[in-house]
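This report refers to the structure that appears directly beneath it.
Derivation of every value follows stated rules applied to the coordinates shown; laboratory data play no part. This one's a predicted model, so the numbers in the text were calculated from it and none came from an experiment. Glycine gets a Cβ as well: all are built from the backbone with ideal geometry, and neighbour counts include every protein chain shown.
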């Protein structure tokens, strides 16, 4: 596939943007999910009888915090495959 | 306890010695040791093998591409007829990788089957050592299953244990110092297949518990959940994250061992590295995959 | 755009500098956290100073793994045979991207491993009897935090060694496109590992802390740590997927 200069620059910007989008987008969810899991460790140590309840809350909470990461993934894939 | 530790230490020492011997025999990084059968005779020789890191990484990562670039016939460690059959079935582009993958999967299956038969034949009330090991693994994982899914679903334990033992054996088999042996999990198809399988089982269980409509309600309820399309994406992302985690770790280990080994001319450090990536990372990733497959089910049915 | 052979060398030296320069930032901070907590812990519990000192040293060594990865990549960039003449813009972009990837990629994991090690020292001061269990847990937690650094290392090694040479006679648009895709891959995995690395470090640190307070709950704490760390890692995996797509599918 051959590109003209303008088309190439547009697509190149989209690809660089995809990389930056996924990279920066993974920052927040990573820290946030780690925080959730750390607090869950603390909770389970303090009240081990509620372990399964806490684990479930942790996983659901992480799934919700991860949604921004998934938005980034969707946008990055769209930028790679459907632009230019 | 002390005895167990001692025997484990012995095993590590044995592995270490074997790897050191392999390193010494293959003497330097531009030689390659070949062990195997050729024309019905046992074969052990040290051949010239010019080492080029770039080519080697291509060989590890895209083996078909490597042989196409070089334009030579691939060295296959197996039957020629079967390879030709693969070539005709999967096409020339994927012949070697699919042949390698299925050969390694068959070897893993064979090992597991023989082990199962061996232990089954000698089931005792006062158990032998391998039986104790397997009973330990089984009870530990069964405990997790009961804790996560409740007592009435303890029948999920065989699935979980199978998953763990299969992935663990797959990760370990790369340690066996025979040319042509590689971890099947290094090929993306295996983790992806396992991941899709795990997520399908999650949904089958959810449908069993809540009924078809009860389960679908979470996804197509426009009023309660206007972003339901993203829920479907997140369902797919479960497959991606669970399978690429396994794949990335195992492949990463392989590539790092290769590059570091070439930097230090294959002296001693690679042995420690391959023990770290093979045993430590391999076990952790097998455990993580199994636990995630289990808790996905737990979260889905508990709501 | 006229390509001159020196651009490849410029890119590789620039990449080497960025790699070890940025990578060393949090390696220092992480080791410092461990040393600080270790000193505090010895003050609280002078009797256990041997265990605490040992944990501190081992923890620091493990926390520097990502920094050592960055050092290896920058050595490869300088002396790994990249004073080549062929490859064109693709090679230059790939070398720069390899440095960026590993440099930024070691920021998070080092910080996380540092936090984990610091909490382990604190925890041993509280419960010197459990020092072996806590140290084992610290090492496992740090290894979990380093997995995202391993992803960054894999991407940068692939960028170094498996990017094809620029074919002759392709259009300028195509050249810009592919070069930017390679740079994007470096940025994607580089930034993508910061969050998960730091987050998993926090998980491991909390687990170490709690293991000193409630040593009886060890199996449950470890299991939660594994599970939480595995889920926190998933965004790093998405970054890895995007980086693979940018390297191999564009």
Across all directions of projection, what mean area in square nanometres is found for the Cα convex hull of the range C:63-190? 8.2 nm²
Ignore the peptide's own chain and count Cβ atoms of other chains within 10 Å of each Cβ in B:276-289; give me the average, rounded. 2
Relative contact order, percent, of the range B:158-290 when contacts are C-alpha pairs under 8 Å separated by at least 6 residues? 37 percent
Using Cα centres only, tell me the gap between the range B:178-203 and the range B:93-156 in whole Å. 16 Å
How would you order B:208-216, A:39-47, C:114-122 from highest to lowest mean count of nearby Cβ atoms within 10 Å? C:114-122, A:39-47, B:208-216
In terms of the Cα gyration tensor, with a ≥ b ≥ c the square roots of its eigenvalues, is the range B:113-209 rounded because a/c is under 1.5, prolate because a/b exceeds b/c, or oblate? oblate
Given contacts defined as C-alpha pairs under 8 Å and at least six residues apart, what's the relative contact order of chain A, whole-number percent? 52 percent
Averaged over B:238-250, how many beta carbons belonging to a partner chain fall within 10 Å of each residue's beta carbon? 5
If you take the C-alpha gyration tensor of the range B:125-303, multiply each eigenvalue by 5 and take the square root, what semi-axes do you get, largest first, in whole Å? 36, 23, 11
Cα centroid of the range A:24-84 to Cα centroid of the range C:1-51, whole Å: 27 Å
In the Gaussian network model of chain C, springs joining C-alpha atoms below 10 Å, which of C:35, C:198, C:113 carries the largest mean-square fluctuation? C:35
When a footprinting reagent is the concern and you count Cβ atoms within 10 Å, what order do C:83, B:231, C:209 take, fewest first? C:83, B:231, C:209
Once you have the alpha carbon radius of gyration of the protein assembly as shown, what is it after dividing by 2.2 N^0.38 Å, with N set to its residue count? 0.98
For the range B:62-123, what's the relative contact order in percent, using C-alpha pairs closer than 8 Å and at least 6 residues apart? 29 percent
Fully extended, how many nm does the chain gain between residue B:220 and residue B:7 (0.36 nm per residue separation, minus their Cα-Cα distance)? 71.1 nm
Highest-fluctuation residue, C:102, C:210, C:138 considered, GNM on chain C with Cα pairs under 10 Å: C:210
Going highest first, how would you order B:5-12, B:106-113 by mean Cβ packing within 10 Å? B:106-113, B:5-12
Other protein chain Cβ atoms within 10 Å, averaged over every residue that makes up B:131-140: 0
Given only helices, namely DSSP H runs of n ≥ 4 each adding -39500 (n - 2.57), what is the per-residue ellipticity at 222 nm of the protein assembly as shown, to the nearest 500 deg cm²/dmol? -26500 deg cm²/dmol
